[in-house]
Amino acid sequence: MTPVHQAYLLQARQMQALSFAVHIPLVCFGIAFPAMILFVEWWYLRTGDELFRTLARRWTRVMAALFAVGVITGTILSFEMGLLWPEFTARFGGVFGLGFAIEGFSFFMEAIFIGIYVYGWDRLSPRAHFLSGIPIAIAGLTGSLMVIAVNAWMNHPSGFRMVGGRVTDVHPLTALFDNSFLWPELTHMYIAGYIVTGFLVAGAYAIGRLRGKWGRYERTALAIPLTIAALASPVQVLVGDWAARDVATQQPVKLAAFEGLAKTTKGADEHVLGWYEDEKVKYGIAIPKLLSLLAFHNPDATVQGLDTVPKDRQPPINVVRIAFQAMVGIGTLLALLAVWLLAVRIRHKRLPRSPWFFRAVALAGPASLVALIAGWVTTEVGRQPWVVYHVMLTSQAVTGAGGIVVGYATLALVYLGVAIGVAWILRRLARAPLKTREPPPLPPATTAAA
């Protein structure tokens, strides 16, 4: 199969990357936001406090709006898989197609129960309404599970044999679930979903706090997602170590790109910052033997370098390095912010009062988004030039049709319009007045009581 010209391939990659960067934050909300809303509603059922019902109902409107946007971006992504990478889907669709079929079923189940949940606030009993939200949370998890399973398979393909360039002996369940990449990648993404959602939601209320809007409702609406994100952030550091060690054993060239390690080295150093050029990292801060220690828990372990593969089989080093270091750096800062919050809550039983804390929370939401996208750049660009690792090159999978530039520009305009629409909707929802139900009237006094 003849690879497509590289300039043409880059256009397809950029178009796919744009759609992915727009869609992946919505996946985070699909994973975490229903569970947060259900937690708030459960607290209302337990305490009878109308504040929690009001909060859950307002967040439900945000969830429905973001789900609608996710329908748009997810549909575009599904079309792009076939239009931009037809050779990939044609050859391997029988291997990973089951995953996308289950993802589609999850999507429809989520849509149905979101409709029931949104319109059932005043039509169902409190317990029935709460139960109707559980399938939304389950569908968010199963749908993302299938997509991540397909991505893990692309990074570590199995469950089939290649005979004469044809895919045979397909075992979809083995391909999707018997995969060492799946579980660390899945855990990493699920925790990221709670971090991104928690910090973004909390950040909106932190901005309100800085502007003087700070009643009991705002304190509660900030404390719940912020606590969830704070609990998840330190755990993500440990999960990231698990995922990185799996990369070290299964995709050593990707690990070498993380560091910019030109040659296979025993006791390899880790460079913080810097720029990879002329087969070395310039202007970086070297920490002796740290890469070997982090990758294999042995400071004298041998780490494979970029010299183990030809240059045309190496990913773009600086893109991967910068994305990886951005992800790790931001993740570390978010974990430190979480430690600040948890220390104050444990010691003083309250939120921190410093304006700098709330400024940090306001910045943590956008920063977590940057870390999320940087993490996926690390994963996907670090796998290049392979679309299916060591099986199919990305240049062999791309379409030969023309007009990608036109499609790319049109797509960018569509996403710009969607972003403006989402901002307008969320602003209207934020400005909507709080509506709480009036408490039930007291029973009439009896004659004896009178």
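The values are calculated or read from the model by the stated rules, or taken from the named source; none is laboratory data. None of the values given here were measured: they were computed from a predicted structure. Every residue, glycine among them, receives a Cβ derived from its backbone with ideal geometry; neighbour counts consider all protein chains shown. Ligands, DNA and RNA are stripped out before the accessible areas are found, and what is left, the full protein with its side chains, is counted by its heavy atoms. Shrake-Rupley method; radii C 1.70, N 1.55, O 1.52, S 1.80 Å.
Brief remarks follow.
- Between the stretch 239-272 and the stretch 302-326, the C-alpha centres lie 9 angstrom from each other.
- Only one residue of 19, 66, 76 has its Cα farthest out toward the positive end of the dipole of the stretch 1-97, where Lys and Arg carry +1 and Asp and Glu -1 on Cβ, and that residue is 66.
- Note that the stretch 176-269 presents 38 Å² accessible area per residue, ligands and nucleic acids not counted, probe 1.4 Å.
- GNM on the chain, alpha-carbon springs under 10 angstrom: the most fluctuating residue among 34, 288, 25 is 288.
- Solvent-accessible area, 1.4 Å probe, carbon plus sulfur percent, for the stretch 210-350: 62 percent
- Between 292, 180, 354, the residue with the greatest mean-square fluctuation in the GNM of the chain (Cα pairs under 10 Å linked by springs) is 354.
- Residue of 58, 347, 428 that the Gaussian network model of the chain assigns the largest fluctuation, springs spanning Cα pairs under 10 Å: 347
- Helix axis angle, 50-84 relative to the chain longest principal axis, alpha carbon, degrees: 30 degrees
- Stokes-Einstein diffusion for the stretch 35-141 at 20 °C, viscosity 1.002 mPa s, with a Kirkwood radius from C-alpha pairs, works out to 138 µm²/s.
- Projecting the Cα atoms of 144, 232, 358 onto the dipole axis of the chain, where Lys and Arg carry +1 and Asp and Glu carry -1 at the beta carbon, places 358 farthest toward the positive end.
- Of all lysines in the structure, the ones whose alpha carbon falls short of 17 Å from that of residue 289, not counting any fewer than 8 places away in one chain, are 263, 266, 280.
- Residue 392 long-range amide H proximity, modeled H, under 5 Å: 387
- Largest first, the residues 127, 245 sort by 1.4 Å accessible area into 127, 245.
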